[in-house]
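The values are calculated or read from the model by the stated rules, or taken from the named source; none is laboratory data. Quick caveat: nothing in here was measured; it's all calculated off a predicted structure. Every residue, glycine among them, receives a Cβ derived from its backbone with ideal geometry; neighbour counts consider all protein chains shown. Protein only, heavy atoms only, side chains kept; ligands, DNA and RNA dropped before computing areas. Shrake-Rupley method; radii C 1.70, N 1.55, O 1.52, S 1.80 Å.
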Amino acid sequence: RSQELELTVAREREANRKLVLQQIEAKQRSQEANRQLAVQHAELAIRFQALELDLARERQEHRQTVLQHTEAKQRSQELELTVAREREANRKLVLQQIEAKQRSQEANRQLAVQHAELAIR
């Protein structure tokens, strides 16, 4: 009877030892899985930050492009206004030249009339 009890105790101890080993192995597997998940999480966080940075750069480039487009449009409008002013100034000069030519022709006509009148006398 004593030997049977000792054998039973030895079997229970062996079973307990195996259970403890299984628990240790399960804990190690769990820790390794958690470690791998932590690494994956860190890698994803880094990738996400890189994407956010790329997006911020793209937005900044877009803002810069819009600003450059706006500045170019403003310069173009300023040039159009300058061209319109120059055309108006040229138009006025042409009118002045026409008026001066007409005055000159009128003066020449009057001189010709006076000359003819003097020639008749």
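Based on what the data block shows, is Gln3 assigned to a helix (DSSP H, G or I) and exposed (fewer than 10 other Cβ atoms within 10 Å of the Cβ)?
The answer is yes for Gln3.
Six or more apart or on different chains, Cβ atoms under 8 Å: show the pairs whose first residue is in region 51-80 and open to solvent by less than 100 Å² (accessible area, probe 1.4 Å) and whose second is in a helix (DSSP H, G or I) and of a type outside the set (Ser, Thr, Tyr).
Cβ pairs passing all conditions: none.
Which pairs have Cβ atoms under 8 Å, sit 6 or more apart or on different chains, and link a residue in region 97-121 that is surrounded by 10 or more Cβ atoms within 10 Å (Cβ to Cβ) to one that is in a helix (DSSP H, G or I)?
Within 8 Å, no pair qualifies.
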